[in-house]
Each structure stands twice: as C-alpha cells, then as structure tokens.
Amino acid sequence: MDSGMIPEFAKDQSVLIFGAVYCKYCKMAKKLMEEKNGSFTYVDLDDYEHIELKETLKKLNNVETIPIIYKKYDEEYKFIGGYQELVKNLKVD
C-alpha cells in the first residue's frame with residue numbers, strides 16, 4: 001500500500017480497517033480487534049474526507065465490499081481482505 005494513502009494518525013497501528021458505520025462486518029472487525037487488544041485504526045470511508053480513498057482502495061484491491069483490511073508486515077501494510085480473512089489471520093475460533 002502506498003504510504004501516502006495511510007492517514008497520519010494510523011501509521012503506528014498493526015491493522016487498518018477501512019469501513020462504514022452501516023456495515024455489520026466492519027463493526028464485527030472493530031469488535032474483534034478490541035477483544036484481542038490489537039493495535040488498529042478504523043477509518044470511516046463514508047466520511048466526506050475519505051470518499052476518494054474508498055474508490056481508490058476498491059480499485060486497488062479489486063473488491064466491491066467493505067471492510068477493506070490491511071495488516072502491517074515489516075513496516076509495510078498488505079491487504080489481507082475483509083472480516084473473514086481477519087478472523088483467519090488472527091487464528092480466531
């Protein structure tokens with residue numbers, strides 16, 4: 001992920017969740033990270049300031065749905081998928 005796309009306030013987090021308030025899987029991803037005490041940032045893509053980012057992320061990752069979740073590996077964020085992929089990535093039963 002291009003570091004210019006990452007909001008400044010999120011650069012030290014291990015997981016970035018891009019979602020929307022109305023999305024149940026976005027809420028579930030947030031809750032999962034809170035329960036795991038993981039460092040994450042949630043970015044509401046329906047906020048006016050993130051409208052262009054939403055379309056860019058969808059095109060970049062070839063997805064139509066949210067959440068769009070990235071995980072940091074060796075100082076670089078990599079797209080892992082949505083909620084189900086986050087669950088698998090965290091090895092949650």
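Hey, any hits in segment 34-44 for a residue that's at pLDDT below 95 and over 18 Å from Asn89 (Cβ atoms)?
So far as segment 34-44 goes, yes, one or more of its residues are at pLDDT below 95 and over 18 Å from Asn89 (Cβ atoms).
Answer yes if at least one residue in segment 65-76 is modelled with pLDDT of 90 or more and surrounded by fewer than 19 Cβ atoms within 10 Å (Cβ to Cβ), and no otherwise.
Checked against the condition, which is being modelled with pLDDT of 90 or more and surrounded by fewer than 19 Cβ atoms within 10 Å (Cβ to Cβ), segment 65-76 yields at least one hit.
Looking only at segment 57-93, count how many residues are touching a helix residue (DSSP H, G or I) at 6+ places or on another chain (Cβ under 6 Å) and part of a helix (DSSP H, G or I).
Adding up the residues that qualify gives 2.
The values are calculated or read from the model by the stated rules, or taken from the named source; none is laboratory data. Being a predicted model, the structure only gives us computed values, none of them experimental. Please note: Cβ atoms are built from the backbone with ideal geometry, for glycine as well, and neighbour counts cover all protein chains shown.
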